[in-house]
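> Quick one: the structure is below, and I'll ask about it shortly.
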């Protein structure tokens, strides 16, 4: 890398208050940028894999609001980055991915590690381009800013000082100012005339809430949403935008079965910042009219929208709140309808025939035990796998981005590197990574990263030696145990060998004893709990949540 381009990019990153970057250097070219960044007080965090480094960086970026970079080398580094870049883009996490590349000037004679890197990563990125000495500082700043402009995502920059200027690929989102006044009025009238409206809050609204809570006015977006007075469903990625244990929360929206009683009772659905990458790919079933609020135009016909309000959410939500200021007390919902729906859904998850209170140690018992050990505030990361079906509907969440899950991409191997990014973004909080054994096995080397950085992370492994979510989907002729089952692994021993305190638990009582009187507190150093669970409840959980 040219020291000139390295220094200029480092200076641009510093202007965005970037204080960390993650990655795996590949030699002098990457190291030039790392050194230039360090001169601006930007610390480099070494990871074991490029995908894990990208997840660390994008999670840190989401929680700090800064475009945190990941640095990778050409060829294999770029190829390994692809999953982490896709996670950032489809989960709407901000990320700047800077990759060394074979220079255009020598590509005609150098085949070693030469790939069409923008061709490879372009489909996984929000934007993909090559930067060079000819790229202006203003253009560098715009590329970095793109990662943190909704919809958040991964911006891939091939670093080639001598290259010809390249046109960026991606970021086709349409934006506007305020929604048209006549549409705001029409939406207000339609909401005011409803009897049982329900609100669905998505990732865009969670990002809006996080920005407003950190801004100079410290706006409480959750209170604004609660002022509408009707039940609120949140997506996985928006959970906590209204507190899960609060008076208006009615549970989760996944486009599955668990929330169906809420939507069947509603005569109007208002979606606020619902990103269409969030629901599971099943048909929209509600027959109620839909009012959709978003700051970007949706190019998808998933929702049969009656009124589409494209404009800043502050104005749109305020207009609806004003329209129903005197109406919400008279909605046709029963008092405390939201909490009643939540309690009923949680009860349904616990009524399967295999559930034996006090006798089995399955995913629900493990989740209940962990909730009982929570400190006042903690950030939780959840991996893909059957265990999230027990976590997401039950975990108490009081603010946006307190519970993080890969939903748009739904990639395994997310929870542990995301926990590292979260612990560095929120150094005074406990961080808990909830993972299956399959997901953990993909990122085991990052336990050493946790130990090296002495991060206050508790990794909890839902260990049943299987890909349980896939096993549930198996039928005759689908490969049997060989396709979904592993040998048992002592993850506590692996953790100890990596420098992380480890223990094995097989019951709720052993869990409480292992965690100890301090609970899941940030003051305790890195540790791993290998929870040997009975997976019998998973089939019921997927039937209840997905149908």
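> Only residues of the range 488-520 count here: report those whose backbone N is under 13 Å from the spot 7 Å along Cα→Cβ of residue 465, or say none.
Of the residues in the range 488-520, 488-491 have backbone N under 13 Å from the label point off residue 465.
> Counting pairs of alpha carbon atoms under 8 Å apart in space and at least six apart in sequence, what relative contact order in percent does the range 181-342 give?
Reported as a whole number, the value is 31 percent.
> On the Cα set of the range 3-170, report Rg and Dmax in Å, please.
13.9, 44
> Then there is this: For the range 312-441, what is the convex hull volume of its Cα atoms per residue in Å³?
So the per-residue hull volume is 175 Å³.
> Now, a different point. Which FRET efficiency value, to the nearest 0.05, is calculated for residue 142 and residue 346 with the Förster distance at 45 angstrom and r the Cβ-Cβ distance?
Once rounded, the FRET efficiency stands at 0.45.
> Still on this model: How many times 2.2 N^0.38 Å is the alpha carbon radius of gyration of the chain?
The reported ratio for this selection is 0.98.
> For residue 368 and residue 79, what is the calculated FRET efficiency with R₀ set at 45 Å and r taken between the beta-carbons, to the nearest 0.05?
Step by step, r from the Cβ atoms, then E = 0.60.
> Once the convex hull of the C-alpha atoms of the range 181-342 is built, how many Å³ does it hold per residue, rounded to a whole number?
103
> Moving to a separate point now. Could you sort the peptides 196-204, 137-145, 263-271 by per-residue average Cβ neighbour count (10 Å cutoff), highest mean leading?
196-204, 263-271, 137-145
> Relative contact order (percent) for the chain, with alpha-carbon contacts under 8 angstrom and 6 or more residues of separation?
Once divided by the residue count of the chain, the mean separation gives 13 percent.
> When DSSP assigns beta bridges and you keep just the ones with both residues in the chain, what percent turn out antiparallel, to the nearest 5?
Approximately 5 percent, going by the DSSP bridge assignments.
> Could you work out [θ]222 nm for the chain from helices alone, using -39500 (n - 2.57) per DSSP H run of at least four and dividing by all its residues? Round to the nearest 500 deg cm²/dmol.
Roughly -10500 deg cm²/dmol at 222 nm, from the helical runs in the chain.
> Report, in whole Å, the centroid distance computed from the Cα atoms of the range 1-72 and the range 418-458.
When both Cα centres are located, 19 Å separates them.
> What does the convex hull of the alpha-carbon atoms of the range 1-68 project to on average, in nm²?
Convex hull of Cα atoms, orientation-averaged projection: 4.1 nm².
> Going highest first, how would you order 420-431, 182-193 by mean Cβ packing within 10 Å?
Per-residue mean Cβ counts within 10 Å order the peptides as 420-431, 182-193.
A short reminder: the numbers here are calculations on the coordinates, not readings from a lab. Since the model is a prediction, treat every value here as computed from it, not as a measurement. Counting neighbours? That spans all protein chains shown, and the Cβs are built from the backbone with ideal geometry, glycine included.
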